[in-house]
Amino acid sequence: METVKMQDVSVIDLPWKIEYQSDRCTMCGSCVATCTFNAIEAGVERRSVTVSTGHQPSPTQRHSAVPVIRQKASLTNACVGCGMCEKVCPNRAIRPIRNLDSRQNLLARTGGATIKRGGRTNLNSDRTLDKIIVGRISQMTDPALDSERHTFDILAPFGRVLSPKELPLAAVGNDLKLTTSTPPVNWIYPVIFSDMSIGALSTRAWEAIALATAYLNEKHNMPIRMCSGEGGMPVKLMQSEYLKYTILQIASGHFGWNRIIKAMPEMKVDPAGILIKIGQGAKPGDGGLLPAAKVAPHVQAIRGVPKADLMSPPNHQGLYSIEESVQKMFLSMNAAFKFRVPVAIKCAASATSVSVYNNLLRDPYKICGGFFLDGIQGGTGAANEVSLDHTGHPIVSKVRECYLAAVKQGSQGQIPLWAGGGVGLTGNAAADAFKLLCLGANGVFLGKMLIQLCGCIGNEQGRCNSCSTGKCPTGICTQDPHLVRRLDIDKAAQNIVDYMLALDAELKKLMAPIGNSTLPVGRSDALVTTDKAIADKLNIQYAC
Amino acid sequence: MCRIGAIKSKVPFHPSKALYLMLPQQEGHDNSGFAMVMQDLYGRFAEYKDKPLLSVACTQKGNKLIEDFMDNNNFNPVYEWIPNISKRPGLDIKAMPYYIFRAYDYPEHYADTTPEAKAELLLDIRLALRELLEKAGQGYVYSFWPDVLTLKEIGDPRDIAEYFGLWKETDELTAKNIVVQCRQNTNYDIVRYAAHPFFLQGYTLCANGENTFYTKNKEFQKSLHRGYIGFESDSQNFLYTLHYVLHELKWPIKYYKHVITPLPFAEITTRSDRAELTAIRQSLGHLEINGPNTIIAMLPSGDMMTCCDSKKLRPVVVGRDENTLAIASEVCGINTILPDRDKTLDIYPNEREVVLINERLEVERWKQ
């Protein structure tokens, strides 16, 4: 008998337990080969079988050694519940089972290290959006539209919009003429593919999203824009016509910008916009984090860095203040593209978001072309779990507060509000987007959902969440040359395209009953909720 | 759906004509009120055209409040029309004790000021009077503007007309322009302020139908101008936007339609004025209207305009003879007052069209 010390880690301490049926197993080895976390292994177990075959009991005991698949009792090789073993097993002999008695949180901080993971918050998955209903349906005097027959203008502004009195319009006879230029505004689809970098994503996953973006634009006339993430872009893409579908991101690490700047003289078209990332909903107050495990040679090349943990600072560095440094960045980004490309800003939703938005609205230079608010339910490739689960701010009330702050000063719509962080968390992004629009957002951004459409199996109940390890079992969040081949780029892109076409049809299905052919931005009167507290907070109708 | 109408004539006419325009349109609705704005007045008011005319319904106490306020603000009454009220029992009218139609002289120190300054003063006075009466619960002030008279009341239009003696065609009270409506608010509470036509600084407007962008319009308009108040009806949005585009932004009238029902982006991009139209759509997105509706508006010049929603979910007709032109949401009303007109000249504006009628009854039509 082996000696077991009480402090030894055993399988029952881990968050997932492997359920294995040796009588179904043919020892083909598929499960072991597919497990990127090295959580299971082939081994040999003793069996002792007592058999009696005669008319009278005449028990005999047979001892044998049988080959089995078994789970490793190791924290570093803990099963994450990705279920790849179950997926590949031809005989349904193995599967992970959630272990409610896991002691992982108590054991995993060995050596004083914090727990790091990817994915979303696993503690705050309560959904305000599901408690809101589109409750104002046009009936008689105000007929509903026909979602199949009517035409709908499903477009949102990306860029700084001037107040009517600031428009440089002069009447020439019966016509108005613009006398000078106005800040650039691009009207795009109200759903942006959010900023996930090459590095956080495998090049193949990034390519799948870029492919879907181009396809939706070129074949379906849906002006979807994709944000590069902080990690640069392939030079060839920057030199191609397709750059126009991309929003370039600059974040506090400035990763990838050398390449972007060097590619600028070669650019045939302007990018769709610039997004300055200040913060991220999943880990507000923390900079980006790309663990060394994922800093493969091509990532080093694009970002111009050695193989090391790449930690973007928590804020943009400036001599005087973050405001000053962001202002400088705004000005230089605007100037870099000769004021033809709108520049927006992305912040983590926070108790202070309204103040930030007010500051931007009152900026005399009028150069902020969008306020992207990212809520606590946003995803990330890598973060400290304590940040993921315990910091952040729900997005719904924050967007509403920002919108109403603008309403109070008559400046709604001047800096378009884009909301993200949990949009599409339940798989129904059209309804989420619609409700956020009614509350005052101009558009939404999707991140995690896109990789879920590519095949990511992670969820908010602790499944997988291993984007930070470089061992992504679906080939999406890894740079391992073997693993990335698991992702079928075309199929992933096709899934995104299909989803977006359905989302477009579903948006129309929501716009038609409320009688609107253009986006219902600020139409809070169209919403009701059966939750009194939500009704009071969002200033929408309470219904029961 | 409200029935709305307007008559514009080269010769002054009596308000009974407006009633004849409206009553045939009553089928299918409740005829729950009567409201009209008369502009370019003749009869008793002919010689006071340049004097601001106050239109109020109030109590005795309200009348006193107004007299004191106007006196304190150096407005001296120069003429008052007192309607010959009929109090026949059984009339369906929720009458107020007092109706004031009183012309004033401007305060002396305003004698030489610009028309713009006077316009601001008149608005300030009306808003102050409204607040005064509202706080005291003593009445309603509808308009305070030279050469404009507003009458609104709740009840059956026939009985309201009898109450004010409007069936008796005299020369006492006539005008060249009347915008009229015969129904109280059916969506929300019946409030006198909710009855169209609405009036602001020379702009008059009535609209039927529904504006589903009411909330977003209202939230934006509230901060645009001190006169954009009330919002008792979603149709007030149309007036405030008209006032904002023409009076505040001073844009040519054709841009009103571009603001309330902007062209789809796909169409804008094909036009030579796409830069301007895009800029307008961007900056005035919150003034876009949606839902079914028809608009009839009268401008300070007396020009009238009509247009409808961009999906053509509400009708409107313009018919005319040599001296009179009528706009109505239903053609039967026009048939009654202009039976001998050439019906082939009737105009049924389409969803992108605007019809403008000037002082000489010349009709201008254009598509946005």
Work out, step by step, the length gained on full extension between B:D189 and B:E120: first 0.36 nm times the residue separation, then minus their alpha carbon distance; give nm to one decimal.
21.8 nm
Calculate for chain A the 222 nm mean residue ellipticity that helices alone would give, adding -39,500 (n - 2.57) per DSSP H run of length 4 or more and normalising by residue count, nearest 500 deg cm²/dmol.
-7000 deg cm²/dmol
Spin-label point model (7 Å from Cα, Cβ direction): what's the B:L91 to A:S10 distance in nm?
9.8 nm
State the percentage of accessible surface on chain B attributable to carbon and sulfur atoms; use a 1.4 Å probe and exclude ligands, DNA and RNA.
48 percent
From the phi of every residue in the stretch A:413-419, what ³J(HN,Hα) in whole Hz does the Karplus formula 6.51 cos²θ - 1.76 cosθ + 1.60 yield, where θ is phi - 60° and glycine or proline is x?
x, 6, 10, x, 9, 10, 10
Cα gyration tensor of the protein assembly as shown diagonalised, 5x eigenvalues square-rooted, in angstrom largest first, produces semi-axes 69, 29, 24
Hz values of 3J(HN,Hα) by residue in the stretch A:205-222 - Karplus curve (6.51, -1.76, 1.60), Gly and Pro given as x:
5, 4, 5, 4, 5, 5, 5, 4, 4, 4, 5, 4, 6, 6, 9, 10, 6, 9
Taking the highest mean first, how do the peptides A:477-485, A:274-282, B:51-59 order by number of other beta carbon atoms within 10 angstrom per residue?
A:274-282, B:51-59, A:477-485
Computed about the Cα centre, the charge dipole of chain B from +1 Lys/Arg and -1 Asp/Glu charges at the Cβ has a magnitude in debye, to the nearest 20, of 640 debye
Student exercise, the protein assembly as shown dipole from Lys, Arg, Asp, Glu Cβ charges, in Debye to nearest 20
3520 debye
Please compute the length gained on full extension between A:L100 and A:E323, using 0.36 nm multiplied by the number of residues separating them and subtracting their Cα-Cα distance.
75.7 nm
Occluded residues from the stretch B:200-231, i.e. those whose accessible area drops by 30 Å² or more once the chain is not alone (1.4 Å probe):
B:E210, B:T212, B:F213, B:T215, B:K216, B:E219, B:F220, B:S223
Quick one: if you stick a label point 7 Å off each Cα along the C-beta vector at A:R46 and A:K509, how many nm between them?
6.1 nm
Once phi is turned into θ = phi - 60°, what whole-Hz ³J(HN,Hα) does the Karplus curve with 6.51, -1.76 and 1.60 give for every residue of the stretch B:314-324, x standing for Gly and Pro?
9, x, 7, 10, 10, x, 7, 10, 5, 9, 10
What is the magnitude of the charge dipole of the stretch B:127-235 about its Cα centre, with +1 placed on the Cβ of each Lys and Arg, -1 on the Cβ of each Asp and Glu, and no other charges, expressed in debye to the nearest 20?
420 debye
Once a ≥ b ≥ c are taken as the square roots of the eigenvalues of the Cα gyration tensor of the stretch B:302-368, is the result rounded (a/c under 1.5), prolate (a/b larger than b/c) or oblate (a/b not larger than b/c)?
oblate
So what's Rg/Rh here for chain B, counting alpha carbon atoms and using the Kirkwood radius for Rh?
0.95
Charge-dipole axis of chain A as Lys and Arg at +1 and Asp and Glu at -1 on Cβ define it, positive-most pick from A:N384, A:G370, A:T151:
A:N384
A:A336 versus A:S74, label points 7 Å from Cα toward the beta carbon: distance in nm?
4.4 nm
Could you please state how large a percent of the accessible area of chain A is carbon and sulfur, counting protein chains only and using a 1.4 Å probe?
53 percent
Accessible area of A:S468 in the full protein assembly, 1.4 Å probe (Å², nearest 10):
20 Å²
Qualifying GluC sites (Glu not before Pro) in the stretch B:1-84, DSSP loop, other Cβ atoms within 10 Å at most 10:
B:E27
Accessible area of B:F198 in the full protein assembly, 1.4 Å probe (Å², nearest 10):
10 Å²
For A:A156, residues with placed amide H under 5 Å, excluding near neighbours:
A:I188, A:Y189
Would you mind calculating the gained length between A:I137 and A:E166 on full extension (0.36 nm times residue separation, minus the Cα-Cα distance), in nm to one decimal?
6.8 nm
Hey, could you pull the Cα Rg and Dmax for chain A, both in Å?
26.6, 116
What is the interface area between chains B and A, defined as buried accessible area summed over both chains with a 1.4 Å probe, reported in Å² to the nearest 100?
3300 Å²
Counting Lys and Arg as +1 and Asp and Glu as -1, what is the net charge of the other residues whose Cβ lies under 9 Å from the Cβ of A:N38?
+1
Helix-derived mean residue ellipticity, 222 nm - over chain B, DSSP H n ≥ 4, -39500 (n - 2.57), to 500
-7000 deg cm²/dmol
Per-residue average of Cβ from other chains inside 10 Å of B:284-291
6
Peptide A:140-149: average number of partner chain Cβ atoms within 10 Å per residue?
3
Per residue, how much accessible surface does the protein assembly as shown expose to a 1.4 Å probe? Answer in Å², no decimals.
41 Å²
Sequence-separation-based contact order of chain B, relative, with Cα cut under 8 Å and 6+ spacing, percent
23 percent
Let me check I've understood the local charge: for A:G475, count other residues with C-beta under 14 angstrom from its C-beta, Lys and Arg +1, Asp and Glu -1. What total comes out?
+3
Cα extents of the stretch A:74-220 along the three principal axes, largest first, in whole Å?
81, 45, 33
Averaged across A:505-515, how many Cβ atoms of other chains sit within 10 Å of each residue's Cβ atom?
1
Taking GluC sites (Glu not before Pro) as exposed when in a DSSP loop with at most 15 other Cβ atoms inside 10 Å, chain A has its longest clean stretch at A:149-544
If you wrap the stretch A:166-294's Cα atoms in a convex hull and average its projection over all directions, what's the area in nm²?
11.0 nm²
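The values are calculated or read from the model by the stated rules, or taken from the named source; none is laboratory data. Keep in mind the model is a prediction, meaning the values are calculated, not measured. Here Cβ is always computed from backbone atoms with ideal geometry, including for glycine, and neighbour counts include all displayed protein chains. Side chains are part of the model used for accessible areas, which takes the heavy atoms of the whole protein and leaves out ligands, DNA and RNA. Shrake-Rupley method; radii C 1.70, N 1.55, O 1.52, S 1.80 Å.
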